[in-house]
Amino acid sequence: MIRTGYILNRRDDQIWFLALPLVALAAALGSQAWLPYVALASVNLWITVPHHFATWARTYGISEDWRRFKERLIVGPLVIFAVILTGLQVAPISLLLIIALWDSQHSIMQQHGFGRIYDFKADSGSPRTPRFDLALHWILYSNMFLNAPLFVTMWLRELYRLNLLVSIEAVRIVQTISWTVTALYLLIYLLHVVRGLKQGYPINPMKYLFIVASYFLWYAAAWNTASILVFGIAHRLMHGLQYHVMVVSYMKRKNRNQPTGSFWLLRQLRRGNVTVYVMAALVYAIFFQLLTLGPLDEFGFGLLVFVDQYQAIPEHGISAMPHWLGYHMFAEAILSSVAVIHYYFDSFIWKVRDQSVQEGL
Amino acid sequence: MIRHVWTNYRILVYGLAAIALLGIHEITALRYFSAGIHPQTLRNTDYADKLQRIHLYQDRERSVARVLNQLYPQDPDAVFLRGLEVEYGGGGLTSACRFYARAVASGVMHSEDMLYMAAVCQEINRAPAGELQQAVDRWRRSHPHSEKYGLQLRFASFQRSGDPARFADAALRSVPYARLQRFDAVNMAVFIQVKGATVNVADLRARLVQAGFVPR
């Protein structure tokens with residue numbers, strides 16, 4: 001039994017959840033061919049940084065969310081910033097490794113969350129499906145992480161830097177186990193779906209198409225290229241843009257149910273005014289880049305080269321300013337903290353089982 | 001209280017626990033707080049850096065270079081590490097250059113080390129000016145903000161009396177994106193700290209020749 005449900009609507013879902021991963025992959029391959037490596041930083045600046053803004057808009061901009069999560073929204077950032085500042089000085093490799101792993105977990109949970117929304121919208125799947133879906137995402141993503149040369153090269157290097165030497169035999173055993181578990185689990189998942197159908201629980205084909213599209217992007221980018229640029233751009237485009245789309249839709253629907261807000265910008269965001277949202281997100285990205293003393297060249301995908309702003313101006317007695325001085329540590333802490341706070345907030349504000357959240361879906 | 005923390009901050013607790021466990025290992029294994037060559041610094045990075053080099057490519061039996069080369073012999077990062085292994089294992093830079101060139105030919109741009117070494121190889125192998133410029137462009141266009149390495153230009157000799165470094169410094173002073181990093185008298189190599197994506201190698205070389213350096 002098939003029951004189709006959409007997150008946005010038929011046309012928009014096809015664009016943002018099915019076609020986007022393919023377009024993102026093509027864009028990433030194009031970047032690899034025609035743009036320098038700086039393009040990755042530009043995509044990060046124009047897509048990923050504003051998608052953090054989307055989290056702030058929801059958490060601090062919607063009064064209901066602020067009231068519900070107030071303590072966590074205050075304590076969380078303080079704890080995270082303190083830990084990152086300390087970690088950068090005491091155990092930097094461990095800190096950055098855990099942030100990278102949390103980034104992966106965050107990506108898994110976002111795709112899982114969209115899958116849950118599909119089932120919620122279509123009233124499909126059995127009561128056990130959420131757990132089966134979560135395990136499916138973890139196993140598929142972990143399998144890529146443990147097997148794709150792009151990732152193996154990275155995590156092996158980090159382990160060796162930490163004096164954790166892994167033999168080639170150990171790597172091969174882990175990879176064999178990973179493929180075996182993945183194959184077995186796909187079989188188990190198929191049986192779960194068939195069993196659910198027999199028991200009268202429908203399936204939403206959009207959810208499965210979405211999962212296939214997402215993993216096609218990840219697996220194709222991780223296996224068929226040795227370039228971090230391709231994976232990074234493809235992943236950031238998919239993750240960031242889908243998140244933006246979801247936040248705009250969520251705020252609009254929540255506003256329909258509970259129209260509140262006195263501040264003009266927040267009112268516009270809650271009305272789902274896409275133009276205002278995009279403008280606000282871009283302004284946020286520009287401020288973020290300037291605040292962290294990021295290179296101006298990153299605005300232009302490596303195509304626009306600005307004059308270096310750190311040159312000395314001897315006529316005015318201004319010496320060259322090495323940006324790695326003390327402020328660099330502070331900027332690094334802000335960069336990492338912002339990303340981790342976003343991961344943390346998203347871990348509790350997007351629960352599909354939460355009735356309040358359901359109103360926005 | 002514990003229940004409250006667990007309910008609201010569980011994922012943070014997991015993260016902190018993971019950082020704490022791995023961090024303790026990192027601090028003890030890499031001996032950050034034991035006396036190093038530079039005890040005035042907080043962290044003993046000397047030991048960590050040395051250990052990293054051994055683990056990456058210097059230990060021929062157990063380095064990550066060996067593991068990656070067996071797993072993915074065609075992977076550009078593995079090929080590059082193989083080059084480092086050859087270079088520091090006694091083969092020298094000239095023997096390693098073919099690995100660096102192979103790694104870069106794959107088109108990857110994420111590793112500045114790889115792009116830089118490919119440019120160095122072009123210079124020491126006396127590649128035509130166009131090829132060297134191409135290699136430098138690839139390096140600088142992908143990592144325009146990096147000051148990790150200095151562009152290396154080699155010469156046959158220096159024909160004036162006086163300190164070659166002083167002459168090189170003076171010759172480069174009017175170039176906005178370049179300044180002298182150091183001069184290596186053994187290899188007659190001028191290391192130039194460059195900034196930005198655009199570096200005109202022929203122009204830099206011409207200025208140094210005018211200052212008294214003799215082309216090879």
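The values are calculated or read from the model by the stated rules, or taken from the named source; none is laboratory data. In this text the structure is predicted, and so the values were computed from the model without any measurement. In this analysis, Cβ positions are derived from the backbone assuming ideal geometry, glycine residues included, and neighbour counts consider all displayed protein chains.
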Discussion item. So, in the range A:158-181, how many residues would count as being touching a Leu at 6+ places or on another chain (Cβ under 7 Å) and at negative phi?
Written reply: 8
Practice prompt. Determine whether the range B:60-82 contains at least one residue that is touching a residue at least 12 places away in the same chain (Cβ under 8 Å), closer than 26 Å to A:R161 by Cβ and more than 14 Å from every other protein chain (Cβ to nearest Cβ).
Written response: no
Worksheet entry | Among the candidates B:Y32, B:Y14, B:Y100, B:Y57, residue that is modelled with pLDDT of 90 or more, more than 7 Å from every other protein chain (Cβ to nearest Cβ) and surrounded by 15 or more Cβ atoms within 10 Å (Cβ to Cβ) | B:Y100
Item to complete: Could you name every one of the helices (runs of 4 or more DSSP H) located completely within the range A:3-77 that has at least 3 residues being more than 12 Å from every other protein chain (Cβ to nearest Cβ) and more than 15 Å from the chain's Cα centre (by Cα)?
Response: A:10-13, A:20-34, A:49-61
Discussion item. Pairs please, first residue from the range B:160-175 and without any contact (Cβ under 8 Å) to a residue 60 or more places away in the chain, second anywhere and surrounded by 15 or more Cβ atoms within 10 Å (Cβ to Cβ) and polar (S, T, N, Q), Cβ atoms under 6 Å, 6+ apart in sequence or on different chains.
Written reply: none
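Would a scan of the range B:169-180 turn up a residue that is assigned to a helix (DSSP H, G or I) and buried (at least 17 other Cβ atoms within 10 Å of the Cβ)?
yes
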Worksheet, complete the sentence: Looking across the range A:162-193 at residues that are at the interface with another protein chain (Cβ under 10 Å from one of its Cβ atoms) and under 28 Å from the mean Cα position of the chain (by Cα), the single one that is modelled with the lowest pLDDT is A:L162
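Does A:P21 fit the bill of being touching a helix residue (DSSP H, G or I) at 6+ places or on another chain (Cβ under 6 Å) and modelled with pLDDT of 90 or more? Spell out how you get there, then give the answer.
Numbers: touching a helix residue (DSSP H, G or I) at 6+ places or on another chain (Cβ under 6 Å): yes; modelled with pLDDT of 90 or more: yes.
So A:P21 fits the description; yes.
Within the range B:1-114, which helices (runs of 4 or more DSSP H) (wholly inside it) include 3 or more residues that are over 22 Å from the mean Cα position of the chain (by Cα) and of a type in the set (F, W, Y)? Show your work before the answer.
Details: elements: B:2-29, B:45-53, B:64-71, B:76-86, B:92-105.
Counting at least 3 such residues, we get B:2-29.
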